[in-house]
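Encoded as structure tokens, the structure appears first; notes follow it.
FYI, it's all coordinate maths here, none of it is from the lab. What you are looking at is a predicted structure, and each value in this text was computed from that prediction instead of being measured. Here the Cβ positions follow ideal geometry from the backbone for every residue, glycine too, while neighbour counts run over all protein chains shown.
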Amino acid sequence: MILKYGLYRHFKGGVYLVTGIATHTETGEMLVLYKRTSKNSLTWARPLSMFLGKVDGKQRFTYIEDGENHDD
């Protein structure tokens, strides 16, 4: 697997649940599907390279746990 499913902390502090990986139909680019855990949230898609990338020298998302039994 390219990326572990589960909970990730965004560099700004929010906690997000990665629910899947998708492939863009036109470009073939891999996309990460995720949503915020603390409220009803839309499902977001971000390019895998961006999800795993850095912002101002900080990891954009950092893996926390598998996502079971989490309260945020």
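What the table shows:
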read-out: Efficiency of FRET between MET50 and ARG9 - r from beta-carbon atoms, R0 22 angstrom, step 0.05; value: 0.85
read-out: Neighbour-limited loop hits for trypsin sites (Lys or Arg not before Pro), the chain (at most 11 other Cβ within 10 Å; DSSP other than H, G, I, E, B); value: LYS12, LYS39
read-out: Stretchable slack from THR62 to LYS35, in nm (0.36 nm times residue separation minus alpha-carbon distance); value: 8.3 nm
read-out: Tail fraction, Cα-Cα pairs, region 6-65, threshold 13 Å, whole percent; value: 61 percent
read-out: Residues HIS10, HIS24 arranged by fewest to most Cβ contacts within 10 Å; value: HIS24, HIS10
